[in-house]
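Any read-out appearing in this document is the output of simple, stated calculations on the displayed coordinates, not a laboratory observation. Because the structure is a prediction, the values reported are computed rather than measured. Note that each Cβ is placed from the backbone with ideal geometry, even for glycine, and that neighbours are counted across all protein chains shown.
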Amino acid sequence: MVFEAVSHILHPDHKKDDHERSNEEITNEAEKLRASVGDLAQNLAIDRLTQFLDANGWDHGAAKEQLESTLLWRQEKQVDMCPVATAKNGLPVLVSVRGYKNIQDQNIQSHPQLSETSIRILNYLGGDSFHKFDKEGHPLLIDRTGYHQSKELGNDVTSEEIKHFQVACNEFLNRVIMLEASERAGRPIHKETIIFDCTHMGLWQFHMSGLLKLKQVAEYVQGYYPETLAHLFVVNAPSAFLVMWRIIRLWLDPKTLEKIQILGKDYQDVLLKYVDSESLPDFLGGNCSCCHLAGGCVPSVNEGRIPFLVKKEENEKVPSVYNSDIMKEAKTNVIYRQIVKE
Ligand SMILES: [Zn+2]
């Protein structure tokens, strides 16, 4: 999931646009974009169209190009058919979850429906959790960045495998978690708030080849999921992170930089301005401990909070996140890809 977080900050094409628009103006601009794209954009909501305008500084030509390429990519790769875990279908999650109705609280775990690729990737990640919401209603993703096995991720996982994994995580976020966030807030929510906890981070994690691979995958993903970051907090940032940050910030545009706060040890008051104490884990200065599940609020294999996921024979070696029978089944059975309303 570090890919998702980094994908938010590595898209170089944003343009700064501070013009305040009325709702009427936004609707008109979005409808203009819809009309220019034609049939493929017919069913898109106004706020979805607005994401593409916003990501491109309200430049219609650039927004049209990005939207068209996204819609064609979705069609070509059959992204709508990508299965997502829901409370109804019981598929195993790719990210641990806490505090939602659309999906039961659960940890990542070895499961016969997962591919070998997913299990390999999950064992290298530092530990992630979609954990409740921030004060503005955005889902909160917490990442134990300091525990990522970045060398192994770089050497033992292909770009294709990472892309499949990241797209599946984004689809789960949009179709399950964001849907609930929007229903809960009574307005469309398409952005998430992310916390990177750098505890345990060291120079051992920084490999230029791994970083460049990350950039490549991040740009691919960001191209198809624009404007989805509300806030990003990097906490417990050690001096080693600042070395990497000097490189990363050169890839960023000012609008994205405004959403990022790099904080050392004194971050608790800043986080509590954005997240209620009961939604913030105790190890980050809040009151939540999620003691009902192993690993607490943010379970981590590499921190030893939950056991390594053991690969079994039934975990197929395919680039998709679930085994091929689930991928096939999802094409005809909507329960694998949609929320079934109560
Ligand atoms: Zn918790």
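So the label point goes 7 Å from the Cα of LYS101 along Cα→C-beta, right? Which residues of the range 117-138 then have their backbone N under 20 Å from it?
130-138
May I ask you to derive the relative contact order of the range 9-79, considering only C-alpha pairs under 8 Å and at least 6 residues apart, and to give it as an integer percent? Mind showing how you got there, number by number?
Working: 44 pairs, mean separation 23.9, N = 71.
With pairs under 8 Å counted, the relative contact order is 34 percent.
Per DSSP helix of 4 or more residues, -39500 (n - 2.57); summed, then divided by the residues of the chain. What does that give at 222 nm, rounded to the nearest 500?
So the calculated ellipticity at 222 nm is -12000 deg cm²/dmol.
Need one number: nm distance between label points at ASN333 and GLN75, each 7 Å from Cα along Cα→Cβ, rounded to one decimal.
2.9
Using a cut-off of under 20 Å, list every residue of the range 73-112 whose amide N is near the label point 7 Å from the Cα of VAL310 along the Cα-to-beta-carbon line.
92-93, 107-112
What translational diffusion coefficient, in µm²/s and rounded to a whole number, does the Stokes-Einstein relation yield for the range 50-104 at 37 °C and a viscosity of 0.692 mPa s, taking the hydrodynamic radius as the Kirkwood radius over Cα pairs? Mind showing how you got there, number by number?
Values: Rh = 13.8 Å.
Translational diffusion coefficient: 238 µm²/s.
Over 20 Å intervals from 0, what percent of Cα-Cα pairs in the chain sits in each interval?
So the P(r) values, bin by bin, are 30, 62, 8.
With a cut-off of 8 Å between alpha carbons and a minimum separation of six or more residues, what is the relative contact order of the chain in percent? Display every interim value, and only then the final one.
Numbers: 601 pairs, mean separation 90.0, N = 342.
So the answer I get is 26 percent.
At R0 = 25 Å, how high is the FRET efficiency between LEU40 and LYS255 if r is their beta carbon distance? Nearest 0.05 is fine. Could you put the intermediate results ahead of the total?
Numbers: r = 27 Å, r/R0 = 1.08.
Result of the calculation: an efficiency of 0.40.
Could you tell me what percent of the DSSP beta bridges with both partners in the chain are antiparallel, to the nearest 5? Before the final figure, lay out each step's value.
Working: 6 of 23 bridges.
Roughly 25 percent of the beta bridges in the chain run antiparallel, per DSSP.
Tell me which GluC sites (Glu not before Pro) from the range 194-275 have a DSSP coil assignment and no more than 15 other beta carbons within 10 Å of their own.
Working: sites: GLU219, GLU227, GLU258; in loops: GLU227, GLU258.
Here the GluC sites (Glu not before Pro) that fit, given the DSSP loop and packing criteria, are GLU258.
Within the chain, what's the longest stretch lacking chymotrypsin sites (Phe, Trp or Tyr not before Pro) that sit in DSSP loops with no more than 16 other Cβ atoms inside 10 Å? Mind showing how you got there, number by number?
On the way: sites that count: PHE206, PHE308.
Within the chain, the longest run free of exposed chymotrypsin sites (Phe, Trp or Tyr not before Pro) spans 1-205.
Kindly identify the range 9-79 as rounded, prolate or oblate by the Cα gyration tensor criterion: order the square roots of the eigenvalues as a ≥ b ≥ c, call it rounded if a/c is under 1.5, otherwise compare a/b with b/c, prolate if a/b is larger, else oblate. Please report the intermediate quantities before stating the final value.
Details: a/c = 2.19, a/b = 1.25, b/c = 1.76.
Because a/c hits 1.5 or more and a/b fails to exceed b/c, the range 9-79 counts as oblate.
Suppose the chain between LYS32 and GLU160 were pulled fully straight at 0.36 nm per residue; how much longer would it get relative to their current alpha carbon spacing? Before the final figure, lay out the partial values.
On the way: separation 128, 0.36 × 128 = 46.08 nm, distance 3.50 nm.
This chain segment gains 42.6 nm when fully extended.
Distance from the Cα centre of the range 292-307 to that of the range 193-262, in angstrom?
23
If you take the alpha carbon radius of gyration of the range 149-293 and divide it by 2.2 N^0.38 Å, what ratio comes out, to two decimals? Present the calculation step by step, with values, prior to reporting the outcome.
Working: Rg = 16.5 Å, N = 145, 2.2 N^0.38 = 14.6 Å.
In units of the 2.2 N^0.38 Å rule of thumb, it is 1.13.
Could you tell me which trypsin sites (Lys or Arg not before Pro) in the range 291-342 are loop residues by DSSP with no more than 12 other beta carbons within 10 angstrom of their beta carbon?
Here the trypsin sites (Lys or Arg not before Pro) that fit, given the DSSP loop and packing criteria, are LYS312, LYS317, LYS341.
If each of GLU303 and HIS207 carries a label point 7 Å out from its Cα toward its Cβ, how far apart are those two points in nm?
Roughly 2.3 nm, to one decimal.
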